[in-house]
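Colleague: Sharing a structure with you now.
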Amino acid sequence: MAHVVLYYHIVWRTKRSERTITEAHDRDLYAYILGICERKQCKLIRIGGVADHIHMLITIRPDIAVSDFMQVLKTETSKWLKTQRDKFPMFAGWGNGYAAFTYCERDKEMIRHYIMNQKEHHRVHTFREEYESLLAEWGIDPATDFFLRDE
């Protein structure tokens, strides 16, 4: 039997990065996401975001592909959000793709803290600035990345 612990910092955004996740009800969405994680036997360590995107620190079971997990998460939350029009009246869907970065145990608290402070962070930085900074950290050229494009 293998013992595997993989920490993923996953970021995804609303369609066209529209500001449709209402601050008054974002915790309802996060609770719904926690339920999906628990059903998949994945551990959600921290979740947070602002009106146009979400970050989470999570461990995903090694027998579940990140792409499969995110497809389920985005599909189920999109359907749920569309039933919650009184709380999320402008939500039109999620943007293309997601970004997932792996971290080790020693980085866990740094990422948890970063996610916890998203609202404060975005008083100063746009999502594009934040995302391009993440790409730079990983040595990825923003010109080759299609995450911020909805076609």
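None of the figures in this text is laboratory data; all of them are computed from the coordinates on show. Predicted, not measured: the structure shown is a model, and the values here were computed from it. Cβ: placed from backbone, ideal geometry, glycine included. Neighbour counts: every protein chain shown.
Colleague: Computed from these coordinates, which is mean projected area of the Cα convex hull in nm²: (1) 10.4; (2) 9.4; (3) 8.4?
Modeller: (2)
Colleague: To continue, here is another question. Given the peptides 12-25, 48-61, 112-125, arrange them by the average over their residues of other C-beta atoms within 10 Å, most packed first.
Modeller: Highest to lowest by the protection proxy: 48-61, 12-25, 112-125.
Colleague: Can you sort Cys104, Cys42 so the residue with the fewest Cβ neighbours within 10 Å comes first? Let's see the in-between values first.
Modeller: Numbers: Cys104 9, Cys42 18.
By the 10 Å Cβ count, ascending, the order reads Cys104, Cys42.
Colleague: Pick out which of Leu135, Leu44, Leu34 has the largest mean-square fluctuation in a Gaussian network model of the chain, springs linking Cα atoms closer than 10 Å.
Modeller: Highest fluctuation of the listed residues: Leu135.
Colleague: Please list 139-146, 2-9, 126-133 highest first by mean number of surrounding beta-carbon atoms within 10 Å per residue.
Modeller: Packing proxy ranking, top to bottom: 126-133, 2-9, 139-146.
Colleague: I would also like to ask the following. Just tell me which lysines come within less than 28 Å, Cα to Cα, of Lys15; anything on the same chain fewer than 8 places away is out.
Modeller: Lys40, Lys43, Lys74, Lys79, Lys82, Lys87, Lys119
Colleague: Between segment 19-45 and segment 72-151, what is the separation of their alpha carbon centroids in Å?
Modeller: Each part's Cα centre sits 13 Å from the other's.
Colleague: Test of understanding: what is the full-extension gain from Lys119 to Thr75, defined as 0.36 nm times their sequence separation minus their Cα-Cα distance?
Modeller: Answer, rounded to one decimal: 13.3 nm.
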